[in-house]
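Here is the structure we will look at, set down as structure tokens.
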């Protein structure tokens, strides 16, 4: 198998994975400065962009692309830190919504610019037109997934 060439799709996937790892490490370092992990930041950043009532736990799970069990643990840790709170959904007594506390909102608003600055630094040499082209290509690849 050593003489077999690596298929283009495999080379692309490896490149995407390496880029993701590189960006994730930079984000982790930037977020550590404000006391957050990348998953905690993802929750806070999603909540800060959500309506005041906050998303339901299932909606939060869908937005973060993780299981509800993962979201439950993350939200519990954020609650323990005083950064988020769960509350009833007025439209459905069985559902729970997640909201930021004032402290959580302030931390999210401090952390977002740090992450954005890291992303700007990573992609500094990539023209915006190429970034948009890459986004289009990634959307096309996602459409190929089975439903």
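For every residue, the table says whether it meets (1) closer than 23 Å to residue 32 by Cβ; (2) touching a residue at least 60 places away in the same chain (Cβ under 8 Å).
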site	(1), (2)
44	yes, yes
50	no, no
55	no, no
58	no, no
63	no, no
72	no, no
77	yes, no
81	yes, no
90	no, no
Residue hits (region 120-130; touching a residue at least 40 places away in the same chain (Cβ under 8 Å) and surrounded by 14 or more Cβ atoms within 10 Å (Cβ to Cβ)) are 122
Scanning region 51-69 for residues that are at pLDDT below 90 and not in a helix (DSSP H, G or I), the one farthest from residue 27 (Cα to Cα) turns out to be 53
Note on region 9-42: residues exposed (fewer than 14 other Cβ atoms within 10 Å of the Cβ) and either more than 23 Å from residue 123 (Cα to Cα) or touching a strand residue (DSSP E or B) at 6+ places or on another chain (Cβ under 9 Å) (or both) are 35
Please indicate, with yes or no, whether at least one residue in region 137-144 is in a helix (DSSP H, G or I), within 16 Å of the chain's Cα centre (by Cα) and either touching a residue at least 60 places away in the same chain (Cβ under 8 Å) or under 30 Å from residue 9 (Cβ atoms) (or both). no
The residue that is nearest to residue 43 (Cα to Cα), considering only those in region 70-95 that are in a strand (DSSP E or B) and under 21 Å from the mean Cα position of the chain (by Cα), is 84
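The values are calculated or read from the model by the stated rules, or taken from the named source; none is laboratory data. This is a predicted model, so every value here is computed, not measured. Glycine also receives a Cβ, built like all others from the backbone with ideal geometry; neighbour counts cover every protein chain displayed.
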